[in-house]
1. Given the criterion surrounded by 15 or more Cβ atoms within 10 Å (Cβ to Cβ) and more than 23 Å from residue 336 (Cα to Cα), identify the matching residue among 76, 94, 70.
2. Given the conditions (1) surrounded by fewer than 17 Cβ atoms within 10 Å (Cβ to Cβ); (2) in contact (Cβ under 8 Å) with a residue 24 or more places away in the chain; (3) assigned to a loop (DSSP other than H, G, I, E, B), report the number of the one that residue 215 does not fulfil.
3. With respect to residue 293, is the statement that it is farther than 30 Å from residue 100 by Cβ and among the small types (Gly, Ala, Ser) true?
4. Within the range 305-314, how many residues turn out to be within 14 Å of residue 131 (Cα to Cα) and in contact with a Lys or Arg (Cβ under 7 Å, 6 or more places away or on another chain)?
5. Just a yes or no: is a residue in the range 236-245 surrounded by fewer than 16 Cβ atoms within 10 Å (Cβ to Cβ), on the phi < 0 side of the Ramachandran plot and away from ligand 1 (no atom under 16 Å from the Cβ)?
6. Going through the range 72-113 one residue at a time, which ones are in contact with a helix residue (DSSP H, G or I) (Cβ under 8 Å, 6 or more places away or on another chain) and either more than 15 Å from ligand 1 (Cβ to nearest atom) or over 30 Å from residue 140 (Cα atoms) (or both)?
7. Does the range 157-174 hold any residues that are of a type outside the set (A, V, I, L, M, F, W, C) and either within 8 Å of ligand 2 (Cβ to nearest atom) or closer than 13 Å to residue 238 by Cβ (or both), and which are they?
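The values are calculated or read from the model by the stated rules, or taken from the named source; none is laboratory data. Worth saying up front: this structure is predicted, and the values here are computed from it rather than measured. We place every Cβ from the backbone using ideal geometry, glycine too, and count neighbours over all the protein chains shown.
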Amino acid sequence: MKVAIVGASGAVGQEFLRVLADRNFPVDELLLFGSERSAGSFYEFGGERVQVKQLRHNDDFKGVDVAFVSAGGGTSKEFEKTITKHGTLMIDNSSAFRMDADVPLVVPEVNPEDALDAPRRVIANPNCSTIQLVVALKAIENISHIRRVYVSTYQAASGAGAGAMAELEGQYADMAAGRPPRVERFAFQLAGNLIPQIDVFTDNGYTKEEMKMVNETKKIMHSDVAVSAMCVRVPVMRAHSESVWVETERPVAPEEARRAFGSFEGIVVMDDPARQEYPMPLFTAGRYPVYVGRIRTDTANPNGLTFWCVADQILKGAALNAVQIAEYLVGAGRLGR
Ligand SMILES: NC(=O)C1=CN([C@@H]2O[C@H](COP(=O)(O)OP(=O)(O)OC[C@H]3O[C@@H](n4cnc5c(N)ncnc54)[C@H](OP(=O)(O)O)[C@@H]3O)[C@@H](O)[C@H]2O)C=CC1
Ligand SMILES: N[C@@H](CC(=O)OP(=O)(O)O)C(=O)O
């Protein structure tokens with residue numbers, strides 16, 4: 001298959017290179033794209049060096065079966081037609097098209113069949129915090145309908161891109177050296193701090209990141225579930241964590257929930273309080289599954305269940321999820337030869 005990665009130099013783009021190789025995705029030819037900044041540089045794939053081309057409005061995508069795009073919403077919007085005009089399937093990581101009615105929003109463990117209907121040749125990868133949430137929610141939804149969800153996120157610096165990771169590292173180094181930390185990518189110093197704002201504020205007082213979790217969850221799950229979210233940036237390098245409270249139609253005991261999580265594809269249960277066993281971002285970074293732990297009954301709601309969930313948001317929240325969508329379509333005979 002002829003495969004393209006747009007945004008190859010970025011935090012997500014670099015993971016695409018690793019995930020495609022790791023999962024033996026059938027790549028016959030790989031094209032890499034970036035802006036003027038990274039054009040001309042080389043990355044290694046399958047034992048060969050591949051040069052990054054500058055993304056332009058031309059016919060570079062002719063013959064490309066699938067393009068994994070992670071170059072920001074503005075770039076996705078500007079280049080959608082250029083990428084898809086010859087029939088290339090665009091799997092887009094940005095938030096540009098997620099809520100468009102003619103663009104499926106897909107998490108393969110939850111709604112894979114939605115990927116089969118992509119009239120614009122665009123499939124959207126959901127927001128990273130939403131992906132790990134819906135994987136966990138679907139395991140519970142399968143045993144009792146979820147009426148309501150409260151979620152508070154603890155989002156790693158890498159969610160804001162490769163430059164943000166470098167900034168957090170630099171801030172810790174500055175602090176250790178007694179220098180004032182450099183602040184550019186985030187509104188405030190993140191090292192030693194928490195920032196209760198991710199993305200811009202909307203009219204209702206919630207941030208755009210929080211409203212993505214509210215709206216995307218409904219679309220992916222085809223559900224009337226009510227979601228309320230609070231998103232916080234934390235000084236963790238990689239992997240997002242979430243405290244989740246769900247209200248189900250009937251009470252779900254922790255043991256039943258543990259079994260439901262444990263038998264659900266893509267989830268690993270780490271839940272043994274006696275041995276201080278629970279998921280943490282430090283040990284989840286670089287791994288594929290969504291980890292769930294601290295499963296217990298909500299003390300404030302007899303129909304409530306609460307748990308803690310951690311996943312590498314650059315992998316399951318971005319590159320891995322997108323590659324899984326492509327794998328599903330290959331398996332369904334809808335992508336490649
Ligand atoms: N980081 C994460 O955890 C997640 C990110 N996403 C989404 O993925 C996308 C990329 O994020 P991330 O990798 O973190 O960001 P980075 O800042 O790390 O990388 C951005 C990438 O976009 C490329 N790019 C920027 N402008 C252009 C352009 N005009 N033409 C071509 N390429 C361009 C850059 O190339 P160059 O170096 O050449 O400028 C770079 O490769 C965003 O839409 C983000 O919202 C989604 C889920 C999770
Ligand atoms: N906003 C997420 C990452 C991201 O890029 O999200 P989105 O693709 O929804 O803009 C974070 O900063 O952790």
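1. Working: 76 fails: more than 23 Å from residue 336 (Cα to Cα); 70 fails: more than 23 Å from residue 336 (Cα to Cα).
Going through 76, 94, 70 in turn, just one is surrounded by 15 or more Cβ atoms within 10 Å (Cβ to Cβ) and more than 23 Å from residue 336 (Cα to Cα): 94.
2. Evaluating residue 215 over (1) surrounded by fewer than 17 Cβ atoms within 10 Å (Cβ to Cβ); (2) in contact (Cβ under 8 Å) with a residue 24 or more places away in the chain; (3) assigned to a loop (DSSP other than H, G, I, E, B) leaves (3) as the failure.
3. Numbers: farther than 30 Å from residue 100 by Cβ: yes; among the small types (Gly, Ala, Ser): yes.
Taking the combined requirement at face value, the residue satisfies it.
4. Number satisfying all stated conditions: 2.
5. Checking the range 236-245: at least one residue is surrounded by fewer than 16 Cβ atoms within 10 Å (Cβ to Cβ), on the phi < 0 side of the Ramachandran plot and away from ligand 1 (no atom under 16 Å from the Cβ).
6. Residues of the range 72-113 that are in contact with a helix residue (DSSP H, G or I) (Cβ under 8 Å, 6 or more places away or on another chain), as a first pass: 89-99, 104-112.
Scanning the range 72-113 gives 89, 90, 104, 108, 109, 110, 111, 112.
7. Start the filter on the range 157-174 by keeping residues that are of a type outside the set (A, V, I, L, M, F, W, C), which leaves 158-159, 161, 163, 167, 169-172, 174.
Result: 158, 159, 161, 169.
Residue by residue, here is whether (1) not assigned by TED's automatic domain parsing to the domain that holds residue 249; (2) not in a strand (DSSP E or B) holds:
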| site | (1), (2) |
| --- | --- |
| 283 | no, yes |
| 287 | no, yes |
| 295 | no, no |
| 299 | no, yes |
| 302 | no, yes |
| 308 | no, no |
| 323 | yes, yes |
| 336 | yes, yes |
